[in-house]
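Taking it in order: structure first as structure tokens, then the write-up.
No value in this document is a laboratory result; all are computed from the given coordinates. As the structure is a prediction and not an experimental result, all values here were calculated from the model. We place every Cβ from the backbone using ideal geometry, glycine too, and count neighbours over all the protein chains shown.
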Amino acid sequence: MKKNGFKAWLYLLPAVIFLGVFMLYPLIDVFVYSFEEGYNSASQTYYGVGGYNYDYVLHDPYFMQALRNTFILVIITVPLSTGLALLISLALNSIKKLRMAFQTIYFLPYVTNTLAVGLVFMILFKKTAYSDGLVNVLINLFGGGSVDFIDGPYWAKMFVLCFYTIWIVLPFKILILTSALASVNETYYKAARIDGTSRWRMFTKITLPMISPMIFYLVITGFIGAFKAYSDSVALFGTDLNAAGMNTIVGYVYDMLYGDSGGYPSYASAAAIILFVIVLTITVINLMISKKKVHY
Amino acid sequence: MKARKHILTVLIYILLSVWGIMVLFPFYWMLLTSVKSYGAYNSEYIPEFFTLAPTLENYIEAFTAVDLARYFLNTLIFTVVTTAIMLVVIVPAAFAFSRLDFRGKNAVFTLFLALMMIPNELVIITNFQTITDMGLRNTFTGLILPSVTSVFYIYLLKENFEQIPDELYKAAKVDGTSDMKYLLKVMIPICKPTIITIVILKVIECWNSFVWPRLITDDKAYFLVSNGIEEIRENGFGRENIPAMMAAVVVISLPLIVLFIVFRKKIMEGVSRGGTKG
Amino acid sequence: MKITLKNLTKRFPNRTKNMPDVTAVDNFDLEIPDGKLIGLLGPSGCGKSTALNLISGLETPTEGKIFFDSDDVTDVPPELRGIGLVFQNYALYPHLTVMQNIIFPLENLKGNKKLTKEQMKRKAEEAAKLVQIDGLMERRPSELSGGQQQRVAIARALVKTPRVLLLDEPLSNLDARLRLRTREEIRRIQRETGITTIFVTHDQEEAMSISDLIIVMKDGKIQQTDKPQKVYDDPKNLFVAKFLGTPAINVFVGSIKHGKVFIGDDPVMPVKGIENRPVYVGIRPEGFIPDENGGLKCKLVGVEVMGRDTSIISNHYALEGETIRAIVDSDQAPDSESGEIRFSVKPHKLFIFDKETEERIYINNED
């Protein structure tokens, strides 16, 4: 077959243009922005080049708060959601009746609008003048006192955020793990049963090693996803996340870019790059651990 | 031994049911609240689990007090146009990578794969500036343009295209079929299942997109449903009209839930083949 | 239509860097007569598919020319050469019905060749009738058996009334019974249409049974071009002799000494006019005659009764290969299954090859 270079590039042209303008160029540009000091988006001028933007961001109490919130969210939700997903997937894998029905139900949060369902969570947890909300009613039932989860103490707000985040990310993890479990060859279990292997040993010696690549995949994507948390928080606490004390790094980036405190693309860029560096570091560490632990 | 196994099975079903309720309950609650009247809802200090007097007044309120119909229409336009343009961009690209031979193919493809690793958060800043500079804020063009390419879908489609046997292409060549006709008449129909999966995943993504529209629109005439919901949450229906809010939430969630019920298998397959959330 | 290949050569760049190019087709000089069924035979990887692709125009030759009758078609694109091509895996479009598959090539015709929908349908139906699938027009390929798919592929290749029909391993994906039937079918269709047909296969039996002419290929080179029986009876070299015939020919290390052919130290046959030299001796399985006074002394290993014939399995120290297989009439079968057995040889079933070049050394014992 003749090489038809010109025609091939013609077919690629739309993709190349779009990726160039909206992926490649911005990628370079964001680094440039982050080192331009005192950039003014109206006049598009700046008066120096250096690390001031990073310095500013790292000393901004709002950024530190966002950083802390994000880390807490990551540390709580990633292990918890992965563990819970594993538990549910194992349970799903051990039953035959209603399996498909449960799987379908569990997947539902994946296709829902984060913002819209977030509102439902808000009214379930919110304490208003009219009602303490359903969750508080339940707490009262068990003898506890009412807590305002939306406008109340920090730990309560963090709890709702983590809860909602787990609710949102679980469908994907359950789906991946159930298909990973289903693909473990039956013969391994048959052989193990003939050898009189206990259930626990089967789980730790056969199941876990066999699905370990998928678990690590979920942990890695889980970390990346959780570090980029934003919409869930907005859904629960509104757009003024700094005031609610529930901002995340991504939220900080957007606030810096646009919104009431916006108009500072340089600060936004610096914050975005800090986030990227954190995510990259964690991912590399994850990959190094997984190289050691994953068996194939 | 048998009794123990029995108990375990029961425990498993209980566990699964508990999580099932956790998942379904918010949906039930929004549906329930949306049919309670404003007065009834606010008079319930302890929320009722049923209502004996369902009403549609909240749905009327949702469509009249805020411009829900417009948000809905905007999202529909945004979703349809973005998905359509995306197909025009990714199908030829996947075809070029899978079927045509040209210099630098491997280098370009590697670059494409590398772009897959770049988080959206990093490029959105410049895109915001670009669109603003072009004066495209509060336009559909501004909303749509940065959302039309997906390296991942190009990759997915290319893999699928490559599974079509070489002989089919040779047979078509012998018959004098042009590359374009081969793509349209043979490759696309054969890969229809994958293309449908990609379209569905993209539709879900479009329908739920929030961050970019929020940055690029502040004129309510261009709000998408996510921004509409946020607007309703912040500024409400004048007063804290939770039932009306829930009616709006039901209306917004419904299309995707229907889509999910219809294409349940395709969506779950597609997502497990590499979709991620966020 | 007559096809002429002149010095046709195709070289591919080596997959490993800095290695010489791979020559898939090496200097083909060939004339394919009009209206015949030609079998292009060779082991896999010998370049026969490349040769076919060159004739079809899917590949362009590195050197040489291709003529269809007197037209030079070397640089003519495939669609203008007037060829039909059938693939091993049929290459039917899975999303189209049988009818749509057969019509597909016709839809590409342009200009004054353009056909109306009615004409296309009629032509497709004619082609379908020819290969006897006219009752399956609305099915999809996945609803057809392998043999039926093969017929659809042939119909699709024939619908444009091509000047040449090219079949690339068309029977390999069929089971044994269907293979027999389909090859007769291909023979019949070729006779009925009179289209010059080239048939690529690695199965010598298939090539022998239906071809008018066999081209044997190895490592990109033509080894022999002849009628099937002639290729079998009169192989030009050791490769051709070994490649044709089941059971395969028995090859021994031997020598010519003083006007006699020796296998090891056993004298087998007198020859004239060949000087003393080391040779390979090939004997077809049917060339052995059990004979108490025969020169070839073998160790009997077993006897397989096959009804009409009997296959005697034995061993000889000068043999290249595992065992000697001799096919004899049942009444000539030995009584025991072990011990020594002696053979004499039918002269026209014995071939001598040069030890170095493996070329055939012809014997002329007539005068």
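Descriptive notes on the structure:
- Counting other Cβ atoms within 10 Å as a rough exposure proxy, the listed residues B:CYS191, A:CYS162 run A:CYS162, B:CYS191 from fewest neighbours to most.
- The residue list A:TYR54, A:ILE105, A:PHE142 was ranked by how far each Cα lies along the charge dipole of region A:1-143 toward its positive end, using unit charges on Cβ atoms, and A:ILE105 comes out on top.
- Here region C:3-236 is treated as a Stokes sphere of Kirkwood radius computed over C-alpha pairs; at 37 °C and 0.692 mPa s its diffusion coefficient rounds to 178 µm²/s.
- Cα-projected label distance for C:ASN89 with C:LYS349, points at 7 Å along beta-carbon direction, nm: 4.3
- Packing-based ranking, highest mean first, of C:295-305, A:76-86, C:159-169 given that Cβ atoms within 10 Å are counted: C:159-169, A:76-86, C:295-305
- Note on region C:1-64: Cα-Cα pairs beyond 13 Å make up 67% of the total pair count.
- Averaging the sequence gap over all C-alpha pairs within less than 8 Å and six or more residues apart, then dividing by the number of residues, gives region B:67-235 a relative contact order of 42 percent.
- Amide proton proximity set for C:ILE324, modelled H, under 5 Å, gap of 5+: C:SER314, C:ASN315, C:HIS316
- Note: relative contact order over chain A, using C-alpha pairs below 8 Å and six or more positions apart, is 27 percent.
- Across peptide B:143-151, the average count of Cβ atoms from other chains found within 10 Å of a residue's Cβ is 3.
- Short-range pairs are left out: with C-alpha atoms under 8 Å and at least six residues apart, the relative contact order of region B:11-119 is 16 percent.
- A Förster radius of 45 Å, combined with the Cβ-Cβ distance separating B:THR132 from B:ASP166, puts the computed FRET efficiency at roughly 0.40.
- In this rough spin-label picture, where each label sits 7 Å from Cα along the Cβ direction, the A:LEU98-B:SER17 distance is 0.6 nm.
- Using the rule -39500 (n - 2.57) for each DSSP H run of four or more residues, divided by the residues of the protein assembly as shown, the 222 nm mean residue ellipticity is -16500 deg cm²/dmol.
- Rg/Rh (Cα only; Kirkwood hydrodynamic radius) as it applies to region A:6-102: 1.26
- Expressed in units of 2.2 N^0.38 Å, where N is the residue count, the Cα radius of gyration of chain B is 1.29.
- Debye log10 I(q)/I(0) for region A:134-257, one point scatterer per Cα, at q = 0.11 Å⁻¹: -0.61
- Kirkwood radius, the protein assembly as shown, all distinct C-alpha pairs, inverse of mean reciprocal distance: 34.4 Å.
- Using a simple spin-label model with pseudo-atoms 7 Å out from Cα toward Cβ, B:ARG264 and C:LYS110 lie 5.0 nm apart.
- Peptide B:15-24, shielding by other chains (average Cβ, 10 Å cutoff): 6
- Zone residues, region C:238-275, relative to C:ASN293, backbone N less than 16 Å from point 7 Å out along Cα-to-Cβ: C:267-270
- Residue with peak Gaussian network fluctuation, chain B [Cα springs, cutoff 10 Å], from B:PRO165, B:PRO243, B:PRO255: B:PRO165
- Förster radius 25 Å - calculated FRET efficiency between A:PHE31 and A:THR283 (Cβ-Cβ, nearest 0.05): 0.85
- Simple point charges give the picture: +1 on the Cβ of Lys and Arg, -1 on the Cβ of Asp and Glu, and for the protein assembly as shown a dipole about the Cα centre of about 1240 debye.
- Straight-line cross-link reach from A:LYS228 at under 18 Å between alpha-carbon atoms covers these aspartates and glutamates, not counting any fewer than eight positions away in the same chain: A:ASP240, A:ASP255, B:GLU121, B:GLU205.
- For A:21-33, mean number of other protein chain Cβ atoms within 10 Å: 6
- For C:LYS110, the lysines whose Cα comes closer than 21 Å to its Cα, not counting residues fewer than 8 places off in the same chain, are B:LYS170, B:LYS173, B:LYS181, B:LYS185, C:LYS121, C:LYS123, C:LYS160.
- Ordered by the count of other Cβ atoms within 10 Å of each Cβ, fewest first, C:LYS65, B:LYS158 give C:LYS65, B:LYS158.
- Legend: residue pairs C:LYS6/C:LYS113; C:LYS257/C:LYS346; B:LYS36/B:LYS265; C:LYS221/C:LYS242; C:LYS6/C:LYS227; C:LYS65/C:LYS221, Cα-Cα distance threshold 25 Å; pairs beyond threshold, C:LYS6/C:LYS113; B:LYS36/B:LYS265.
- Helix axis angle, B:151-162 relative to chain B longest principal axis, alpha carbon, degrees: 50
- 17 Å reach of a label modelled at C:ASP335, 7 Å along Cα-to-Cβ, counting backbone N of region C:263-296: C:290-293
- Helix C:98-107 vs. chain C, principal-axis angle (Cα, 0 to 90°, nearest 10): 70
- Whole-angstrom gap from region A:92-133 to region C:36-93, using each part's C-alpha centre: 63
- FRET efficiency for C:THR62 and C:ASN315, using Cβ-Cβ distance with R0 set to 56 Å, rounded to 0.05: 0.75
- 3J(HN,Hα) from dihedral phi, region B:35-43, Karplus parametrisation 6.51/-1.76/1.60, rounded to Hz, x for glycine, proline: 9, 7, 6, 4, x, 4, 4, 6, 8
- By the rule of a C-alpha distance below 17 Å, with chain neighbours fewer than 8 residues away ignored, the lysines paired with A:LYS96 are B:LYS5.
- Per-residue HN-Hα couplings for region A:153-169 [Karplus 6.51, -1.76, 1.60; θ = phi - 60°; Hz; x = Gly/Pro]: x, 4, 4, 5, 5, 4, 4, 4, 4, 5, 4, 5, 4, 4, 4, 6, 8
- Residue among B:PHE109, C:GLN88, B:THR126 farthest towards the positive dipole end of the protein assembly as shown, charges placed on Cβ: C:GLN88
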